[in-house]
C-alpha cells in the first residue's frame, strides 16, 4: 500500500470533524513527536484509512466506515491542538 501525504485525508477529516483538520497539531502517543496531521503519513484503502506518525511510524488515527457511520480511533494521539475557527 502506497503512503500518501496526510493532506490527502482533508475531505474525510472535514466531513467527520466539521473543520479543517490537516493543520491540527498532533502529539504522537508513541514517540512524542509533534506535527500537523497534514504532515503525517496516510494509508488509504483496505478496510479503512490509517494516519501514521512520520517519526516512529506509530498509528495516530484509524478511520473506518461501518453501516454508513464513520468510526474514528484517535488512541495514537496524546494531544491534539485544534485550529481556531476563522
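Summary table below
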quantity	calculated
Conditions (1) under 24 Å from residue 67 (Cβ atoms); (2) in contact with a strand residue (DSSP E or B) (Cβ under 9 Å, 6 or more places away or on another chain); (3) not in a helix (DSSP H, G or I): number failed by residue 35	(1)
So residue 67, is it closer than 16 Å to residue 5 by Cβ and either more than 11 Å from the chain's Cα centre (by Cα) or at pLDDT below 95 (or both)	no
Residues of the stretch 13-32 that turn out to be crowded, with 18+ Cβ neighbours inside 10 Å and in a helix (DSSP H, G or I), as a count	1
Index of the failed condition, residue 6 passing every other in (1) touching a helix residue (DSSP H, G or I) at 6+ places or on another chain (Cβ under 6 Å); (2) at pLDDT 95 or above	(2)
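The values are calculated or read from the model by the stated rules, or taken from the named source; none is laboratory data. All of these numbers come straight from a predicted model, not from anything done at the bench. We place every Cβ from the backbone using ideal geometry, glycine too, and count neighbours over all the protein chains shown.
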